[in-house]
Structures are given as C-alpha cells and as structure tokens.
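Some notes on the structure that comes next.
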Amino acid sequence: MKTFDVATDARILMIDDEPANILFLEQVLNRAGYENVLSTSDPREALGLYQSFSPDIVLLDLLMPYLNGFAVMKQLREIIAPDDYRPILILTADISREKKEQALAEGAMDFLTKPLEIPEVLLRLRNLLKTRQLYLNAQQALVEERELNQLKNRFISMVSHEFRTPLSIILSSTELLEHYGKQWPPEKQNKHLQRIKTSVIHLNQLIGDVLILGRTEAGRIAFHPRWLDLEPFCRELMEELQLTLNTQHTLVTTIEGENSMLWIDPNALRSILYNLASNAIKFSPEGGPVTLCVQCQSEQIRLIVQDQGIGIPPEACSRLYEAFYRAENAALLPGTGLGLVIVQRLLKAHRGAIEFQSELHRGTAFTVTFPRIDGAIDE
Ligand code: ATP
Ligand code: MG
C-alpha cells in the first residue's frame, strides 16, 4: 500500500494578502522539508488554486481585501465533499473569541496567532497533516478492501461455475458405471473412465493456477534464470502445442533479427508463451493461423503472439489483467480468467512488459518485451 508521507507528499496552499508573511512561511516550510507549497496574496485566486492544486491543507489569513477568510472558507466549503478531511488552518492577528467561534463553526480546524512562532507553526501543521495522513490511509484501505471483495466475489462465481461442471461429470459418470458398468462393453466403460480422468485433470489444472496465483501474490515465484536460445525453444514449444492441443489451427513460428539468446527462467517463459498461445487458439474458435514472432533487437527481444479470432471488446481492455476477469464475448469458451494475471506477474519478475492490440472479430496480438539485461537479474 502506498502511504502518504507528510513531508514529501503533503500539498500546502497558503493564502495571505501580505507578501512578506508568505515569503517568511515559505522559507520556514521549505526548511522543514515541505516540498509542495503554493501560495497567493490574492484571495480571489483561492478557489481556482484549490481546484487545480488539490492541497492537503490550507493556511488561510482572515483579514484580507476583496474576500476575507470567512468568504474564502464559504467558497471552499461548497466544493469540499462532506466526508473529506482537508483541514483549514487560520493565520490571524489577535482575534476575538466571537470570531474564533465563528471560524471554527465555518470549517476552520485550528488557529495560529500572528506574529507566528516557528515551532508552533510547524507543530500545528504537522498535527493536522498527520490526521490527513490517517484519513488518506483509511481511504486507501477502504479501496483495497473493496477490490479484495470484488476479487472474492469473482473467485466464488468462478469456483461455482468452473468446478461444478467437471464435478457433475465425475458424479454422473461414476453413477452410470456403478449401475450399468457391468453390462456395458469395455469401450463404453472406457469412455466414461476417460471423461472422469479429463475432468480430474481439468480440476487439477484449476487448482494449480489458483496456487500459482497465490504464490506470485505473496512474491514467492521460483526464479532460475539461465541463458536460453529462444529460436529452438519457441519452435519446439509451438510444435508441442500443435500436437498436444490437437487443434486445426496452423501454428507458425518466425524469427527476425540476430542473436536469440536471452537470460531468462525457461519455466517462466514456457508458462508465459503457453498461456498466450493457448488463448490465441481458444479465442479463435473458427481456426486460422496463430503465429509466434520472435523479434531479436539490439536492446530487447519481443515475442508477438497473434491470432485472427474473436478479439477483445473495448470495454474489457483495461480489465484483462484482473484475476478471474473474462470479457463478455469469452463467456461461452472455457477458462477461469487467471492466465493473463499469471503472465503479468511472471513478466514483472523478469522486468518484462506486456501489451496488446485487438480488433473485434478480427484478431488479437499480444506483445511481450524482455530487455537484454546480461545476467543482471539474479535468482
Ligand atoms: P484461463 O487462462 O485461466 O484458462 P482465460 O483464458 O479466460 O482463462 P486469461 O488468459 O487471463 O483467462 O484471459 C482473460 C480474458 O482476456 C479472456 O477471458 C478473454 O476475454 C480475453 N482474452 C485473452 N486473450 C485473448 C485473445 N487472444 N483473443 C480474445 N480475447 C482474449
Ligand atoms: Mg487463458
């Protein structure tokens, strides 16, 4: 979780009609390590600056020409959300009790009396910013909790959807074998045994994916890089896929450029290419070519997996790397929505990057890029 650091992250907006006060406070704040301070001596600019700068705290003078501090507070109150915590700290020369109460009632959080005492300024500012920090961290935790909840919901719907089908196949085939197995010819018995076996393999694969995801989430990816020649590696992998996936697609591998040696973990690369190529095959149900193009460039190696399949709907593009997310047009094709998440996590460990281009009903190209870092990534 990215937490808010009071000194380096806090944005401070200062509004005081006296330029000498502003200069003095700017120096004090800069010396204390505050890096983002913006100020104006014209209170009419306060609202615009507030909107563009989005400060974490406002230091506000009360007695000013054109608009006094109360009028500025009124303007700000109208745009600050009621559940937001962005303190206003009033800077003022001696102030009556009545005015003090009015300022507090109208949204001020604290006061600093002029002439300003530097330690007091810094302490009060820090206290308010600490509270702002707690508020922001709580907001962030809330967002993360919401995301976790969505993930949990998607996981539950994936489990109920993806686990139920193979489990019901296993149940129905075992029941049929139990009741009629003895009367059936061996081929028919075998057919049901095969269905059970395929379902168990599928379930096992699902659990494997969830476990990999858990491990990558916890940052525990086994990582054993070595020098690997991508040319034979990619050709063999695509040939193996052509045979094992038993598809009518034409799988093609092309190599461009010189030197296909890369410092990489072969198991990770295998998993990345397997996921991308099996997606390309699965998401082009009408067949067609699936190509893997290896582009060897001087600074990097690019691997492009391209298909002529169903494509990715625009609204799904920003969500593809979310666990269990599947685009609407993929609903009828099997899958759990974990492949790309795993690919992305593996790439991160290799300082690799992934991007894609896609057109609905036309096809998709996923491009994976690895920098040529000679042995610099260690286990
Ligand atoms: P899993 O990989 O876990 O079996 P999946 O293939 O559905 O399931 P991902 O590989 O993570 O999941 O892909 C997420 C989604 O991205 C897919 O459900 C699909 O909507 C979309 N997608 C990925 N690759 C392609 C592609 N080549 N063409 C069209 N859509 C794709
Ligand atoms: Mg997939």
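The values are calculated or read from the model by the stated rules, or taken from the named source; none is laboratory data. In this text, all values refer to a predicted model and were calculated from it rather than measured experimentally. Neighbour counts run over all protein chains shown; Cβ positions are idealised from the backbone, glycine included. Ligands, DNA and RNA are excluded from the accessible area calculation, which covers all protein heavy atoms including side chains. Shrake-Rupley method; radii C 1.70, N 1.55, O 1.52, S 1.80 Å.
Taking ILE264 as the residue in question, decide whether it is touching a helix residue (DSSP H, G or I) at 6+ places or on another chain (Cβ under 8 Å) and either away from ligand 1 (no atom under 11 Å from the Cβ) or not assigned by TED's automatic domain parsing to the domain that holds GLN357 (or both).
When the stated conditions are applied, ILE264 does not pass them.
Going by the conditions given, is GLN295 away from ligand 2 (no atom under 16 Å from the Cβ) and surrounded by 16 or more Cβ atoms within 10 Å (Cβ to Cβ)?
Here the answer is yes, as GLN295 does meet what is asked.
Of all residues in the range 108-139, how many are free of Cβ contacts under 8 Å to residues at least 24 places away in the same chain and either touching a Cys at 6+ places or on another chain (Cβ under 8 Å) or part of a helix (DSSP H, G or I) (or both)?
7
Hey, does the range 302-319 have a residue that's more than 8 Å from ligand 1 (Cβ to nearest atom), aliphatic (A, V, I, L, M) and not assigned by TED's automatic domain parsing to the domain that holds ILE156?
yes
Consider PRO289 against the criteria (1) surrounded by 12 or more Cβ atoms within 10 Å (Cβ to Cβ); (2) within 16 Å of ligand 2 (Cβ to nearest atom); (3) assigned by TED's automatic domain parsing to the domain that holds LEU347: it satisfies all of them except one. Which criterion is unmet?
(2)
Assuming ILE377 fulfils every condition listed in (1) open to solvent by less than 50 Å² (accessible area, probe 1.4 Å); (2) within 16 Å of ligand 2 (Cβ to nearest atom); (3) over 19 Å from LEU237 (Cα atoms); (4) at pLDDT below 95 apart from one, which condition is it?
Every condition holds for ILE377 apart from (2).
Do any strands (runs of 3 or more DSSP E) lying entirely in the range 249-342 carry at least 1 residues that are farther than 19 Å from THR367 by Cβ, and which ones are they?
Per the criteria, 250-256, 261-264.
Name the single residue that is nearest to LEU340 (Cα to Cα) among those in the range 256-269 being buried (at least 18 other Cβ atoms within 10 Å of the Cβ) and not hydrophobic (A, V, I, L, M, F, W, C).
Taking the candidates together, the pick is ASP265.
Answer with yes or no whether THR244 is under 22 Å from GLY311 (Cα atoms), among the polar types (S, T, N, Q) and open to solvent by 60 Å² or more (accessible area, probe 1.4 Å).
no
For ILE373, all conditions in the list (1) more than 27 Å from THR165 (Cβ to Cβ); (2) near ligand 1 (Cβ under 8 Å from one of its atoms); (3) not in a strand (DSSP E or B) hold save one; what is the number of the exception?
(2)
Of all residues in the range 316-349 being of a type outside the set (Lys, Arg) and free of Cβ contacts under 8 Å to residues at least 12 places away in the same chain, which is least open to solvent (accessible area, probe 1.4 Å)?
ALA331
Hey, THR244 hits all of (1) within 16 Å of ligand 2 (Cβ to nearest atom); (2) among the β-branched types (Val, Ile, Thr); (3) touching a helix residue (DSSP H, G or I) at 6+ places or on another chain (Cβ under 8 Å) but one; which does it fall short on?
Only one criterion is unmet by THR244, namely (3).
Would you confirm, using the coordinates I've provided, whether SER284 is more than 16 Å from ligand 2 (Cβ to nearest atom) and over 24 Å from the mean Cα position of the chain (by Cα)?
So SER284 fails the test.
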